[in-house]
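First up is the structure itself, then whatever we jot down about it.
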Amino acid sequence: MNALIKPIISEKMTLATEKYNRYGFVVNRKATKTQIKKEVEDIYGVKVVRINTLIQRGKSTSRYTKAGMITGQKNTFKKAYVFVDKEDKIDFFSNI
């Protein structure tokens, strides 16, 4: 089972990376902290200090169109904030 789905790359997460050495990932809903830690250490070659996980609830959305109001629901997903050692860095853009 792949625990990691994709990294979170946003302005807010980039600032947290620079300040706290914390990286965000969207992960599989069934993945545990130990599975996430093992996979991050294997893929990126860093030492993980700790992990915080949360389940981001899907938000309801609505928009107005010619046909009337359309309502929907965004997907629920799990996030993991990974704190790595001070000497380690993860470069997401090295493969581009």
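The values are calculated or read from the model by the stated rules, or taken from the named source; none is laboratory data. What you see is a predicted model, and the numbers here were worked out from it, not measured in a lab. Note that we place each Cβ from the backbone using ideal geometry, even for glycine, and neighbour counts take in every protein chain shown.
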Problem set entry | Residue that is surrounded by the most Cβ atoms within 10 Å (Cβ to Cβ), among those in the stretch 16-38 that are at pLDDT below 95 and in a helix (DSSP H, G or I) | Thr17
For this session: Kindly state which strands (runs of 3 or more DSSP E) lie completely within the stretch 42-96 and contain at least 2 residues that are surrounded by 12 or more Cβ atoms within 10 Å (Cβ to Cβ).
Result: 48-56, 77-84
Problem set entry | Any chance Ile90 is of a type in the set (Val, Ile, Thr) and within 15 Å of Pro7 (Cα to Cα) | yes
